[in-house]
Structure formats: structure tokens, C-alpha cells
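Here is the structure we will look at, set down as C-alpha cells.
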Amino acid sequence: MFRLSAVTVAAIALLPVSATAQTQSWEADPVHTHVGFGVRHMMVSNVKGEFKKYSVKIQTEKDLTRSTVDVTIQVASIDTGNSQRDGHLKSPDFFDAAKYPTITFKSKKIVKAGKDGFKVTGDLTIKGKTKEVVLDVKSFVGPVKDPMGGLRSGLEASTKIDRRDFGLTWNKALEAGGVAVGHEVKIGLEVELVQPKK
């Protein structure tokens, strides 16, 4: 159970740039960004959570498909609203935060998908295991100027992964059938982007 943040923040690479700009740097505004996840619990409900601490380094190009994304998430910042569950998630049963303190995502390819969408392909590394994932980006808004004269933009993105692909295999069988924790993790991103201060 987790949410990745971060993987997911790869969608930030899709920020539009002005016609005269070539390469620009961007980062997620943590005050206005939410990187969430949901996973099935006991076959009857969804547990949701987020990672509170992460860094995002983005380089956008005039041709957005040539942009790059580099994200690092602090595993110990996981928050599901329950300290006991968070402690279990940080343990060797799941993320083993002491041994693998970060989750990383590095983009490899960005392609146009439909009129306004993009697909961002990259390497996601969790618990020392790296797998290729694809982030679906939609609902892009902006850029607009904020009251301080800076540029901001926003987007929504999502993907699904099988946690077992990353060594997150802990589970318990239920007497009535099924398992305590679902294998599929749904990741959802709502990201607000800003240019880093110089």
C-alpha cells in the first residue's frame, strides 16, 4: 500500500513554455500538490494515503516530448492517517524504509496522447527494484501568473502498478477468500508547478 508520489510527479514535465524559451526548470509546490494512492483493504474498502516529503527536478524544452523529470520521495514520510499502519508500511514487511529510504522516478520518454494528454514513461525504483511505468496525464491548466509575478500551472495524472513487482509482497489470506491487502495500487496526482527561486 503506498502512494507514490511520486512516480508520478513525472507529469510535471508537461508544463508549457513560451515560444522564446528553450530550457526551463520547474518544481512542485508542496503546499498545493497532492500525490496520493489507494489500495484495496480486506476486499471491501480502499485505504488512501500520501507521501509528505519529496523533491522534483524538472527540465522542460520547447518540444515538450524532450523534457526530463527526476523525482525522489522520502519513504518515511508516508501518511495514511494511522500511525500504526504507517509504521507497518515502513517496516521490512513493506518498504523497509531503514534500508531503502527513497523511492525514485526518472523519465525516459514523453509522447502526445490525444488532443491534450501525454504519456510519460520512466523507471520507477522501489525497495531496490526498478520497473518501467507509464503515467497518464490529463486536465492540464495554465500557465498563469501568480500575484508575485511568477508562473504556475497545474495538472492531473494517474497510473496503476502491481506492488508485488517491487517486492511489496506481504499479505494475509482471509477466511472468506481473498487477501487483506490488494495487489493493485492506484496512484493519483494533483500537481501545482512553480519555477524555483534563483
Neighbour-count ranking [beta-carbon atoms within 10 angstrom, fewest first] of D96, D146: D146, D96
Of Y100, Y54, how do they rank once you tally other Cβ atoms within 10 Å and put the fewest first? Y100, Y54
Lysines with Cα under 22 Å of K62, excluding same-chain neighbours fewer than 8 positions away: K106, K108, K109, K112, K115, K119, K138, K145, K197, K198
Ratio of Rg to Rh over segment 54-198 (Cα coordinates, Kirkwood Rh, two decimals): 1.02
Mind checking which aspartates and glutamates have their Cα closer than 16 Å to the Cα of K57? Skip sequence neighbours fewer than 8 apart in that chain. E27, D29, D70, D123, E192
Please label the shape of segment 41-85 as rounded, prolate or oblate, based on the square roots a ≥ b ≥ c of the eigenvalues of the alpha-carbon gyration tensor (a/c under 1.5 means rounded; beyond that, a/b larger than b/c means prolate, else oblate). oblate
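Coordinate-derived values only; no laboratory data. Bear in mind the structure is a predicted one, so any value in this text is a computation, not a measurement. FYI the Cβ positions are ideal-geometry reconstructions off the backbone, even for glycines, and counts take in every protein chain you see.
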